[in-house]
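Asks: Have a look at this one.
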Amino acid sequence: MVIKKTNKLNRKQIKDVMQLIEECRSVEPTMIAPVLTNEGNFDPELPNMFLCEEQGYLISYVSIFMPSPYYGEVVAFTSPAARKRGYFMKTWLEALNVLGPHIEEMEIMFLTDGNSPSALATLQALEMHYEYSEYVLAKDIERKDWDFRITVKELDPNNIKDSNAIFMLHTNIFPDGRSETLTFMESTKLPGTQNFLAIGPEGKPVGLFHMTLDGDRVFLFGVGVLPEYQGKGYAKQMVQLAQNMCDDEFTAIGVQVSSLNEEAMGLYRSCGFREVNRLDYWYDEM
């Protein structure tokens, strides 16, 4: 058995990973996907992909998406014919050994999509703990001629003043911890992301929302209204205004909502969003 580490897969390795994923999907309908690149990682030099091979065949693949020094997401695939033989665990322990001090302060979450009984059994056998689920909701974009009570101003997260504004508004709107807030701030700087300040009829900021590209659809995230302006319909106005702002080439819009946020789930369902996928988050108390 050989475990290889890399921050860039070569052509053969990509082919081997894709074949492994298809092999797994032939026995379980999981649609979750691992990362195949280091793009978006806080340190592109760190190895984030680990390949466990036996006699030249890829048996297990572990990928880690690390958008900040404080947070990482793990997705793994192991050949159905080689499960319950410790390949995943050996690969994961090698990843921990390689990354070492780089992830000492990092919150590590293991992702599944609820469609793999084998993944669930593995996480439970390793005594990992379920934290929450993130639901991916989507709908066809509807551009409406509403009487909007808000206007928007685009903010540049690379500008100190705008970055501070995003940070302060996000802190006042969402009860996130330090690591979550810092991770969120990194996401506002990713390519293709736009960040908008929502301004109310009195000319004062009432909230924030953010848009990025997700394949052939627009993805909406970080929609929030300051506490003193909640309950006035501003969140629904931001969701609709975001749809109106989408380029004509995009026909669908998606959001990701935590199972812990029942209020947001109700908002998006009232706007016509429906569940298309989900991610379950598990953690290991090491």
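The values are calculated or read from the model by the stated rules, or taken from the named source; none is laboratory data. Just so we're clear, the structure is a prediction, and the values are computed from it rather than from any experiment. Because the Cβ atoms are built from the backbone with ideal geometry, glycine has one as well, and the counts that use them run over all protein chains shown. Each accessible area value is taken on the protein alone, full model and side chains, heavy atoms only, with ligands, DNA and RNA left out. Shrake-Rupley method; radii C 1.70, N 1.55, O 1.52, S 1.80 Å.
Asks: Taking Glu73, is it closer than 19 Å to Asp284 by Cβ and surrounded by fewer than 19 Cβ atoms within 10 Å (Cβ to Cβ)?
Replies: On the way: closer than 19 Å to Asp284 by Cβ: yes; surrounded by fewer than 19 Cβ atoms within 10 Å (Cβ to Cβ): yes.
Judged against the criteria, Glu73 is a match.
Asks: Now, a different point. Name the residues in the range 275-286 that are in contact with a strand residue (DSSP E or B) (Cβ under 6 Å, 6 or more places away or on another chain) and either over 23 Å from Glu107 (Cβ atoms) or open to solvent by 70 Å² or more (accessible area, probe 1.4 Å) (or both), would you?
Replies: Those that are in contact with a strand residue (DSSP E or B) (Cβ under 6 Å, 6 or more places away or on another chain) and either over 23 Å from Glu107 (Cβ atoms) or open to solvent by 70 Å² or more (accessible area, probe 1.4 Å) (or both): Glu275, Val276, Arg278.
Asks: OK, next. Looking at the range 144-175, which of its residues are within 22 Å of the chain's Cα centre (by Cα) and over 21 Å from Tyr234 (Cα atoms)?
Replies: If the condition is that a residue be within 22 Å of the chain's Cα centre (by Cα) and over 21 Å from Tyr234 (Cα atoms), then Asp156, Pro157, Asn158, Ser163 are the ones that fit.
Asks: For the range 112-131, which residues satisfy the criterion of being among the hydrophobic types (A, V, I, L, M, F, W, C) and either assigned to a loop (DSSP other than H, G, I, E, B) or modelled with pLDDT of 95 or more (or both)? Spell out how you get there, then give the answer.
Replies: Step one: list which residues in the range 112-131 are among the hydrophobic types (A, V, I, L, M, F, W, C), which gives 119-121, 123, 125-126, 128.
Listed by number, the residues that qualify are Leu126, Met128.
Asks: Quickly run through the range 94-111 and pick out the residues that are open to solvent by 70 Å² or more (accessible area, probe 1.4 Å) and assigned to a helix (DSSP H, G or I).
Replies: Matches in the range 94-111: Asn97, Pro101, His102.
Asks: Just the residues that are more than 24 Å from Ser116 (Cα to Cα) and either open to solvent by less than 70 Å² (accessible area, probe 1.4 Å) or β-branched (Val, Ile, Thr) (or both), please, taken from the range 256-269.
Replies: If the condition is that a residue be more than 24 Å from Ser116 (Cα to Cα) and either open to solvent by less than 70 Å² (accessible area, probe 1.4 Å) or β-branched (Val, Ile, Thr) (or both), then Asn261, Ala264, Met265, Gly266, Leu267, Tyr268 are the ones that fit.
Asks: Restricting to the range 27-83, name every residue that is under 14 Å from the mean Cα position of the chain (by Cα), over 14 Å from Ser116 (Cα atoms), assigned to a strand (DSSP E or B) and not polar (S, T, N, Q).
Replies: Ile64, Phe65, Met66, Pro67, Tyr71, Gly72, Glu73, Val74
Asks: Give me the strands (runs of 3 or more DSSP E) completely within the range 174-285, filtered to those with at least 1 residues that are at pLDDT below 95, ordered by residue number.
Replies: It comes to 205-214, 217-225, 252-258, 274-283.
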